[in-house]
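Contents: one structure, followed by commentary.
The values are calculated or read from the model by the stated rules, or taken from the named source; none is laboratory data. All of these numbers come straight from a predicted model, not from anything done at the bench. Glycine also receives a Cβ, built like all others from the backbone with ideal geometry; neighbour counts cover every protein chain displayed.
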Amino acid sequence: MKLLQIPTVGLEQRIKQEIEDNPALEIDAMDGSEEENFGEEDALDNQKDTELDDYKSKDDEFDINDYVNEDDIPSYKLKSNNYSSDEDRREVPYASGTSFHENLIHQLSLRDISDRETQIGEYIIGNIDDSGYLQRSSEAIVDDLAFNLNINISKADIDKVISIIHQLDPAGVGASDLKDCLLIQIDRKIQENQTKELELARKIILRYFDDFTKKHYQKIMKRMGINESTLKLSMEEILKLNPKPGNSLSETTKTNHYIIPDFTITNNGDELELSLNSWNNIDLKISNTYSSMMNAVGKQKKTKKQREAFSFIKQKVDSAKWFIDAINQRQNTLYATMKAIMDYQYEYLLTGDDTRLKPMILKDIAEKVNLDISTISRVANSKYVQTPFGTFLIKSFFSESMQKDDGETVSTREIKTILKEIIDGENKSKPFTDEYLTTKLKERGYPIARRTVAKYREQLKIPVARLRKEL
């Protein structure tokens, strides 16, 4: 179960750890050309040789044939066959680049400031979150520097260094909150090219920030004495600003996080094919050295010391064979589970149309593959599948069911798709309320309550009507 939970990215590290802990287990260096010479009979032999029941000892007697045949077992029979000989083997792509904080520290080092200010600046940058905000007060930073670095400095000195950080790129970095972030950006724009729209935009953020965030446009126009067209021009300038400057670094300067899918589904002439990706699957085998040692000790008349040595070797070989078998079981369970999901959602995976996604719960798949629901949950919650329409967490294919007015059973995901379509098509100057969205869904045959519509809207991360309003 623990191996099953490990995603593809972490499996290689887990295997390496097991090899370090158990000298009887090692990587099989046999190349693919040799592997192609072994047929189905060898594969069947491998399964028989790795049955855990064959490795159990009987009372105090040791049977060496349970571990190593007198004629020596070929090493290929003891390895973990996690993929076929002709399967495409791919390397894991590792992300590289300069992190957000490293980029800021580099910019700071180019500034004409003292070593003391540089040290303080680096400490402050370390407190900036990934969105680009400095949410610690100057007073708290003064205390930190005094206790942690034995640097006694005033709040004014801290504010001076923070103002230097505000001059770094991307604009807005080091701000204390959203209002401060937008003001820093718009002030820099005004310095570069002062316009009436930018001046009005700055006034809106500085004086009417709460009304701006709540989209109370009528109040803003009335208080500022401007018409809708003037407000719209200023709003366009504000919308060009970045509310999270920490996320604005380019691909070359920000470390990327890659999803390594565990499965790939391909459409081969209107027929779906499933493959279990093998990026981190390493061929394993029992160490030839340990096999030879067992063979040698097994042929001798066993003294007490030899029996102890043999017992140690046996325990290591048992553990290695168990691990190889566990890896195989992991692959079989993953494939069987994903195959059942693919068959269940065949029409959806063939077309990518969300309206064809059938209602499916963990129990449906557990019954098909004859596994416990908790096992299916482990696979669904931690594994990804690459499809012709994108890479998805398997969990996203599961959804509850609901009955339409015509008696047809549909997935709740289908309802969310229809709901999103309705909202996307609304007039943004007069967005639909949840009450009206409920009516629109009922007209299409989806009889759901208003509170359910609100829940689905929130799950889709769509704000309420007032916050969707545009000029």
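The table that follows gives values for the structure above.
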{"item": "Scan of region 427-471 for residues that are touching a Phe, Trp or Tyr at 6+ places or on another chain (Cβ under 9 Å), among the basic types (Lys, Arg) and outside any loop (DSSP other than H, G, I, E, B), ordered by number", "result": "440, 468"}
{"item": "Enumeration of residues in region 368-426 that are within 30 Å of residue 10 (Cβ to Cβ), outside any helix (DSSP H, G or I) and of a type in the set (D, E, K, R)", "result": "372, 383"}
{"item": "Residue list for region 187-242, restricted to those being under 36 Å from the mean Cα position of the chain (by Cα), surrounded by 12 or more Cβ atoms within 10 Å (Cβ to Cβ) and of a type in the set (A, V, I, L, M)", "result": "205, 235, 238, 241"}
{"item": "Conditions (1) over 27 Å from the mean Cα position of the chain (by Cα); (2) exposed (fewer than 14 other Cβ atoms within 10 Å of the Cβ): number failed by residue 431", "result": "(2)"}
{"item": "Members of region 130-166 found to be under 17 Å from residue 247 (Cα atoms) and at pLDDT 90 or above, listed by number", "result": "132, 133, 134, 165, 166"}
{"item": "Scan of region 313-331 for residues that are among the small types (Gly, Ala, Ser) and either crowded, with 21+ Cβ neighbours inside 10 Å or closer than 30 Å to residue 397 by Cα (or both), ordered by number", "result": "320, 326"}
{"item": "Which numbered condition residue 372 misses (of (1) within 26 Å of residue 458 (Cβ to Cβ); (2) surrounded by fewer than 20 Cβ atoms within 10 Å (Cβ to Cβ))", "result": "(1)"}
{"item": "Test for residue 141: is it in contact with a helix residue (DSSP H, G or I) (Cβ under 6 Å, 6 or more places away or on another chain), more than 16 Å from residue 104 (Cβ to Cβ) and surrounded by 13 or more Cβ atoms within 10 Å (Cβ to Cβ)", "result": "no"}
{"item": "Count - residues of region 390-413 that are polar (S, T, N, Q) and exposed (fewer than 11 other Cβ atoms within 10 Å of the Cβ)", "result": "1"}
{"item": "Region 200-238, residues that are in contact (Cβ under 8 Å) with a residue 40 or more places away in the chain, part of a helix (DSSP H, G or I), among the charged types (D, E, K, R) and within 16 Å of residue 179 (Cβ to Cβ)", "result": "237"}
{"item": "Filter result for the condition that a residue is more than 23 Å from residue 267 (Cβ to Cβ) and not assigned by TED's automatic domain parsing to the domain that holds residue 452, over 372, 405", "result": "372"}
{"item": "Of all residues making up region 332-356, the number that are more than 13 Å from residue 394 (Cα to Cα), in contact (Cβ under 8 Å) with a residue 12 or more places away in the chain and outside any helix (DSSP H, G or I)", "result": "1"}
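Conditions (1) modelled with pLDDT of 75 or more; (2) buried (at least 17 other Cβ atoms within 10 Å of the Cβ), marked per residue:
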residue: 270; (1), (2): yes, no
residue: 273; (1), (2): yes, no
residue: 277; (1), (2): yes, yes
residue: 284; (1), (2): yes, yes
residue: 290; (1), (2): yes, yes
residue: 303; (1), (2): no, no
residue: 310; (1), (2): yes, yes
